[in-house]
Amino acid sequence: MSHSRLEPRIASSGLAVSPVSNDRAQWLAKHILPLEPQLRGWLRKNASKSIEADDLIQDAYAKLATLASVSEIERPKAYLYQIVKSLMTDEYRREKIVSIESVAEISELSPHDETGSPERILSGHQDLERLFWAINALPAPAKAVFVLKKFDELSQREIAARLHISENMVEKRMSQALRAIADNISSSDDEDILPGSRLTPVNRFFRSTSRHA
Amino acid sequence: MHSREIHSEAFDWVVKLERGLNPDEQSLLDCWLALDTRCVGALARAQAYRVYAEGIKKFSDAQKLQLHANASEYSSHQ
């Protein structure tokens with residue numbers, strides 16, 4: 001696995017940046033999140049070793065986060081891959097490791113083969129099943145906080161009292177829970193999954209069976 | 001900064017945003033977002049995963065019961 005870049009890239013626009021609106025978060029959750037596993041697989045096949053998928057995906061989300069509007073985007077997948085290819089081109093130019101011909105070839109790369117391995121665009125029901133298994137696979141402390149907050153809708157203070165931990169610890173565990181869910185949902189099948197995001201056998205079994213269901 | 005570090009901090013911010021930031025935290029968040037474009041993307045991505053995780057509210061009763069039993073068992077041992 002290549003190393004994440006250590007040099008920061010600062011947005012040149014100079015515009016103030018802020019968290020995305022709820023609408024934009026909803027749009028990203030609906031149209032972009034489900035594409036992540038296949039995008040990671042695609043990058044492993046098509047990007048040079050110098051490109052770290054996590055860097056590139058964060059940069060791609062930054063582009064999508066700072067667009068004035070997404071309502072004109074009719075084909076989010078094509079749009080995402082266009083952004084990704086443009087970021088790859090920038091990166092290769094910056095590193096000067098790839099010939100101009102190769103840079104030109106990036107534009108020829110097609111998004112994930114439609115006829116190849118099945119896409120992880122799941123139906124609403126399958127999506128919920130995956131979420132369930134991701135939550136079910138959480139370590140007990142993080143799972144308890146997540147469930148008490150999301151099902152019982154307890155406040156942080158109430159959760160802290162119930163579990164005899166500080167409110168700060170409640171937040172830490174909530175963050176861990178969301179992060180582990182994201183790692184689980186976004187990883188691609190053939191990826192060397194990072195420690196902590198490894199799928200449980202039951203989860204992997206579920207995945208391999210559900211997609212043929 | 002390593003992208004894994006940014007990834008992790010982004011989820012910390014999402015949790016804080018959900019309960020509301022105090023002025024000091026707001027300044028810290030503004031600085032953090034200005035550090036690197038990847039922070040902007042990582043936060044938006046984490047916000048999207050928070051939305052996605054709200055799907056928990058649509059779980060079947062059986063699924064809810066199972067998760068709830070796990071949580072109750074854990075909290076009763078604390």
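Order by neighbour count: A:Glu72, B:Glu54, fewest other Cβ atoms within 10 Å first, most last. Mind dumping the intermediate values first?
On the way: A:Glu72 8, B:Glu54 13.
Fewest to most other Cβ atoms nearby, the residues stand as A:Glu72, B:Glu54.
Just how many % of Cα pairs in chain B lie over 13 Å apart, if you round to the nearest whole percent?
Looking at chain B, the distances longer than 13 Å represent 73 percent of pairs.
In which sequence would A:His125, A:His31, A:His164 go, from the one with the fewest C-beta neighbours within 10 Å to the one with the most?
Numbers: A:His125 12, A:His31 18, A:His164 9.
By the 10 Å Cβ count, ascending, the order reads A:His164, A:His125, A:His31.
Hey, what do the phi angles of region B:22-37 turn into as Karplus ³J(HN,Hα) couplings, whole Hz, using 6.51/-1.76/1.60 and θ = phi - 60°, x for Gly and Pro?
Using θ = phi - 60°, the values come out as 7, x, 5, 5, 4, 5, 4, 5, 4, 5, 4, 5, 7, 5, 6, 4 Hz.
Along the charge dipole of region A:11-98, pointing to its positive end and built from +1/-1 on Cβ of Lys, Arg, Asp and Glu, which listed residue (A:Asn22, A:Ser86, A:Leu67) has its Cα farthest out?
A:Ser86
Enter the Cα centre distance for the pair region B:22-78 and region A:132-172, rounded to the nearest angstrom.
Centre-to-centre (Cα) distance: 10 Å.
Toward the positive end of the charge dipole of region B:11-54, about the Cα centre and with charges on Cβ (Lys, Arg +1; Asp, Glu -1), which of B:Tyr52, B:Cys31, B:Val14 goes farthest?
The one lying farthest along the dipole's positive direction is B:Tyr52.
Return the single residue from B:Asp61, B:Asp24, B:Asp36 with maximal mean-square fluctuation; model: Gaussian network over chain B, springs between Cα atoms under 10 Å.
B:Asp61
If the only charges are +1 at each Lys and Arg Cβ and -1 at each Asp and Glu Cβ, what is the size of the charge dipole of chain B around the Cα centre, to the nearest 20 debye?
340 debye
Please report B:Val40, A:Val70, A:Val20 as a ranked list, fewest other C-beta atoms within 10 angstrom at the top and most at the bottom.
Ranking B:Val40, A:Val70, A:Val20 by Cβ neighbours within 10 Å, fewest first, gives A:Val70, A:Val20, B:Val40.
For chain B, find the longest principal axis of its Cα atoms and tell me its angle to the long axis of helix B:61-76, 0 to 90°, nearest 10.
Roughly 80 degrees, rounded to the nearest 10.
Computed from the coordinates by the stated procedures, all read-outs in this text should not be read as laboratory data. Only a predicted model underlies this, so the values are computations on that prediction, with no experimental measurement involved. Heads up, the Cβs are rebuilt from the backbone with ideal geometry, glycines too, and the neighbour counts pull from every protein chain shown.
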